[in-house]
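Below: one structure, written as structure tokens.
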Amino acid sequence: YNEFRYYYKQSITYNRMKIKLLTIISIIIISGSLPINSFASTLKNGMAAHHLLGAGAATENFTVNTSGLTSSTFNGPKDVIYDHNDSRIFVADSGNRRVLVFNTNSSGIPLDYTADYVIGQPDFTTNSATITQNKLNGPRGITYDSVNKFLFVSDNTTWGRIMVFDLSSGITNGMNAS
């Protein structure tokens with residue numbers, strides 16, 4: 001398992017082949033895919049982002065910062081991870097009580113600006129807190145076991161639980177934890 005994260009309004013995810021830098025405010029900016037050996041020399045203060053998720057726009061409009069409850073907006077994202085084996089980005093959208101899943105190309109670039117799946121809610125426009133096997137209250141942290149295809153979600157400390165989702169048979173909206 002080759003991944004680390006730094007928690008403080010940003011999350012850095014890496015694997016041996018590529019490094020992804022993802023910064024979380026209320027949108028997610030993906031500043032590109034960099035080979036590890038050129039990461040230090042390529043990353044610069046003030047560098048422009050290459051891609052954008054969560055702005056709620058149909059295009060990469062870097063001047064929009066809209067929160068909301070749709071398949072293309074976030075409300076307080078807390079964590080981001082990249083699954084390089086299955087080319088997916090997972091976003092813990094805490095304010096909307098869900099994890100959004102975005103399919104990417106093999107370089108980690110999102111295929112479009114809308115999530116492909118939602119975990120923790122039955123659909124993209126529901127935001128309800130219920131203690132059940134398929135609902136989240138406020139995911140704070142996520143990690144992924146790419147060997148067994150388990151997604152681990154740290155749910156709100158009020159509920160004090162870790163939800164484990166088995167993704168080996170695929171992902172469905174509102175799926176149950178294992």
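The values are calculated or read from the model by the stated rules, or taken from the named source; none is laboratory data. Every value quoted in this text rests on a predicted model; they were computed, and no experiment measured them. Because the Cβ atoms are built from the backbone with ideal geometry, glycine has one as well, and the counts that use them run over all protein chains shown. Surface areas here come from the heavy atoms of the whole protein model, side chains and all, with no ligands, DNA or RNA. Shrake-Rupley method; radii C 1.70, N 1.55, O 1.52, S 1.80 Å.
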Q) For Val91, are the conditions met, namely being open to solvent by less than 60 Å² (accessible area, probe 1.4 Å), assigned to a strand (DSSP E or B), touching a residue at least 12 places away in the same chain (Cβ under 8 Å) and under 27 Å from Ala48 (Cα atoms)? A) yes
| Does Ile171 qualify as being outside any loop (DSSP other than H, G, I, E, B) and open to solvent by less than 70 Å² (accessible area, probe 1.4 Å)? | no
Inset, instruction - Confirm whether Phe165 is under 21 Å from Leu53 (Cβ atoms) and in a loop (DSSP other than H, G, I, E, B). - result: no
Exactly one of Asp116, Asp112 is acidic (Asp, Glu) and modelled with pLDDT of 95 or more, and that residue is Asp116
When region 147-163 is checked residue by residue, the ones that are surrounded by 13 or more Cβ atoms within 10 Å (Cβ to Cβ) and in contact with a Ser or Thr (Cβ under 6 Å, 6 or more places away or on another chain) are Lys149, Phe152
- Can Ser106 be described as at pLDDT 90 or above, open to solvent by 10 Å² or more (accessible area, probe 1.4 Å) and outside any strand (DSSP E or B)? no
Val118 fails exactly one of (1) closer than 28 Å to Phe62 by Cβ; (2) open to solvent by less than 60 Å² (accessible area, probe 1.4 Å); (3) assigned to a loop (DSSP other than H, G, I, E, B), namely (3)
Exactly one of Gly160, Gly174 is modelled with pLDDT of 90 or more and either closer than 18 Å to Leu69 by Cβ or out of contact with any strand residue (DSSP E or B) (no Cβ under 8 Å at 6 or more places or on another chain) (or both), and that residue is Gly174
Picked from region 127-146 (must be in contact (Cβ under 8 Å) with a residue 12 or more places away in the chain and of a type in the set (Val, Ile, Thr)), the residue surrounded by the most Cβ atoms within 10 Å (Cβ to Cβ) is Ile142
Checked against (1) touching a strand residue (DSSP E or B) at 6+ places or on another chain (Cβ under 9 Å); (2) modelled with pLDDT of 95 or more, Asp123 satisfies every condition except (1)
Scanning region 107-123 residue by residue, the ones that are within 12 Å of the chain's Cα centre (by Cα) and among the charged types (D, E, K, R) total 1
Within region 78-88, the residues that are more than 14 Å from Gly170 (Cβ to Cβ) and open to solvent by less than 10 Å² (accessible area, probe 1.4 Å) are Asp79, Val80, Ile81
